[in-house]
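Note sheet for the following structure.
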Amino acid sequence: RYEALQMRSVDELLQVDDVLYLLHWLIRAGRASSLPVKEYVVVERRRALTWILQDVSWEDVPLDT
């Protein structure tokens, strides 16, 4: 059964973007090696959310940490 989908506010999206940034940083710094998540999952979710929030092309999404 599907529930009605609700749009997320910009504030909620920015909070998720912050969490993904921190997860990406932790993985790159090697401090989250025990996390049960693959780096590419975090990176690609971060890329997609950053692309939504910024006015850049997909290829130019900044993923610096």
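For residues that are charged (D, E, K, R) and within 14 Å of the chain's Cα centre (by Cα), scanning just region 29-65, find the one that is most open to solvent (accessible area, probe 1.4 Å). Only one residue tops the list, namely R45.
Among the residues making up region 36-56, a single one is part of a helix (DSSP H, G or I) and among the polar types (S, T, N, Q): T50.
The values are calculated or read from the model by the stated rules, or taken from the named source; none is laboratory data. Owing to the predicted nature of the structure, the values given are computational and were not obtained by experimental measurement. In case anyone asks, the SASA skips ligands and DNA or RNA and just uses the protein heavy atoms, side chains included. Shrake-Rupley method; radii C 1.70, N 1.55, O 1.52, S 1.80 Å.
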